[in-house]
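Structure, as structure tokens:
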Amino acid sequence: FVYCSVTELKDCRGDRLAYSVSPEQEFFYINGNKVDIVSFCDSLVFHHAIGCFLHSGVEEWRGLGRKYCGLELDKETILQRAGRKNGRELEMNEDALRKLDEKIHQRNDNPDHRPWLSPKTLAMAVPGMFLLCCIILCPCFRSRRKESEQAALANDSSSKHSVSMEVLSSSNKIPPSPLRVPPSPLYSTPSPRFSRVGSVHLNMSQVIKATNNFSRSQQIGEGGFGSVYRAQLPGGQVVAIKRARREQRENLRSEFSSEVELLAKIEHRNLVRLLGYVDKGNEYIIITEYVPNGTLREHLDGQRGKILDFNQRLEICIDVAHALTYLHLYAEKQIIHRDVKSSNILLTESYRAKVTDFGFARVGPNEDDQTHISTKVKGTAGYLDPEYLKTYQLTPKSDVYSFGVLLVEVLTGRRPVEMKRAPKERITIRWAFQKFTEGDLAAIADPLMEEVISAEIVVKMFELAFQCAAPTRADRPDMKEVGKKLWGIRMDYLRSVNKA
Ligand SMILES: Nc1ncnc2c1ncn2[C@@H]1O[C@H](COP(=O)(O)OP(=O)(O)OP(=O)(O)O)[C@@H](O)[C@H]1O
């Protein structure tokens with residue numbers, strides 16, 4: 001299934017997306033510049049979400065979106081837009097979009113850029129919100145999301161976008177910078193050599209036995225890397241066994257090395273622990289601790305029974321903030337996760353969070369005077385830092401951006417990109433920010449959350465989310481600061497609950 005053509009997608013603002021794929025090569029372009037697949041898909045998701053039209057080859061574009069970006073382009077929207085491409089409706093869309101864009105996105109190339117939440121914006125927005133929400137949001141949280149909407153959300157594929165990562169070279173092995181806290185004996189690992197990794201040492205036949213020959217009944221999940229199985233070892237220990245997908249094993253070699261090498265170096269209660277691995281012949285298998293209570297995304301979708309209450313959501317966010325702070329600041333080498341998203345957050349029975357999936361993770365800058373590393377863009381559409389997308393410069397602030405998107409996701413219950421929504425609502429963070437500035441908190445809080453929460457608390461959470469997801473990395477706080485702020489919000493929340 002190969003495209004051998006060049007096609008263009010005109011967007012409402014004049015960008016042109018194009019691709020050219022032959023059996024040997026595939027190229028992706030934005031405005032004539034060759035870009036990598038992640039930038040291309042991110043752009044495609046965005047342009048489609050805002051209701052742009054296809055210049056030609058609707059079916060080709062749909063196939064492309066599905067194959068490379070895990071994106072189901074909505075045929076009806078495309079055709080409708082295509083039919084009206086010179087019409088007034090599109091001009092109005094462009095205009096509205098431009099205004100919204102100017103309002104919420106300070107441009108990266110503007111030296112006078114300010115964070116989305118400047119004190120002035122807040123000064124205007126917060127009193128409005130208090131008036132509108134009458135201090136408490138009692139009725140706001142009570143409406144239930146319709147079942148059909150749930151089904152549509154479940155079908156949304158925005159979170160599936162995996163691209164393999166380059167091998168972590170030995171040049172990435174760095175001494176800890178003087179600014180970084182020296183690793184405690186608890187965190188240090190005795191040897192980076194794979195053969196000594198972890199506490200579980202299984203050979204392939206033991207893995208086959210433990211998984212009942214990779215039986216479907218033991219399969220608990222499927223991701224870009226492959227399938228994940230629950231297995232009980234002879235001593236009774238329950239583990240997760242991740243097996244690379246057959247057809248992708250060669251491509252995934254680098255992702256596998258990356259995940260094993262990085263997981264081997266970390267130990268934190270909010271990070272999934274590596275127990276062992278198998279790298280034999282054509283098999284790549286990672287054995288990690290088993291985390292029994294599903295992913296955060298499944299809980300937000302209501303697929304796991306009881307809906308997460310506000311306090312649980314807050315604690316999960318604090319756990320993730322701690323995990324990222326550890327990776328950025330306290331691990332032996334700075335690690336940038338690069339794929340922070342709700343489906344990579346696993347929950348324990350007591351709803352504590354553990355961050356997983358280090359397939360895209362990278363060691364941070366290795367020189368004291370280096371602020372970033374330049375690298376191909378990897379990650380998941382919707383969570384990707386726009387500055388990293390534009391400059392290819394990776395810093396821990398890219399994880400902070402993704403964390404901001406995650407906070408909005410946790411508060412609204414919506415995925416970062418929801419293609420089945422009206423065009424204005426498809427990019428969740430833009431829609432949420434628009435509603436936030438209008439003071440309409442009731443519209444953005446997750447309707448599945450049924451509690452009464454003080455508007456002040458909700459405002460603080462959204463403020464923090466938008467600060468984390470500021471377009472420019474200099475405007476984003478670091479993860480340690482984010483963790484502290486979340487703690488403060490939790491204290492306020494507990495006080496407000498005790499008072500009530
Ligand atoms: N340690 C674990 N304990 C319990 N369930 C797990 C564990 N690891 C993964 N899973 C389940 O398997 C699913 C897929 O796992 P994972 O996301 O790690 O695979 P992946 O191929 O790396 O995915 P991605 O497409 O995000 O790269 C998860 O969504 C989760 O449901």
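One table, with the values for the structure above:
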| quantity | calculated |
| --- | --- |
| Per-pair calculated FRET efficiency, R0 = 60 Å: Ser374 and Gln303 via Cβ, rounded to 0.05 | 0.95 |
| Accessible area in square angstrom per residue, the range 368-500, 1.4 angstrom probe | 35 |
| Against the rule of thumb 2.2 N^0.38 Å, how large the Cα Rg of the range 275-351 comes out | 1.32 |
| Exposure rank, largest accessible area first [Ile241, Ile307; 1.4 Å] | Ile307, Ile241 |
| Global form of the range 202-347, assessed from the alpha-carbon gyration tensor, a/c cut-off 1.5 | oblate |
| Orientation-averaged projected area, Cα convex hull of the range 308-370 (nm²) | 5.0 |
| Probe 1.4 Å - accessible area at His268, Å² to nearest ten | 40 |
| Three-way shape call for the range 406-477 based on the alpha-carbon gyration tensor, with the a/c threshold at 1.5 | oblate |
| Fraction of accessible area attributable to carbon and sulfur, the range 281-336 (%, probe 1.4 Å) | 47 |
| Largest to smallest accessible area among Thr391, Thr371 [probe 1.4 Å] | Thr371, Thr391 |
| Accessible area of Leu327 in the full protein assembly, 1.4 Å probe (Å², nearest 10) | 0 |
| Hydrodynamic radius by Kirkwood, which averages 1/r over all alpha carbon pairs of the range 301-441, in angstrom | 16.2 |
| Full-stretch length increase - Lys390, Arg490 - with 0.36 nm per residue and alpha-carbon distance subtracted | 32.5 nm |
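The values are calculated or read from the model by the stated rules, or taken from the named source; none is laboratory data. All figures in this text were calculated on a predicted structure; none of them were measured in a lab. When we count neighbours, we look across all protein chains shown, and the Cβ atoms used for this are built from the backbone with ideal geometry, even at glycine. Remember, those area values only see protein heavy atoms, side chains included, never the ligands or the DNA or RNA. Shrake-Rupley method; radii C 1.70, N 1.55, O 1.52, S 1.80 Å.
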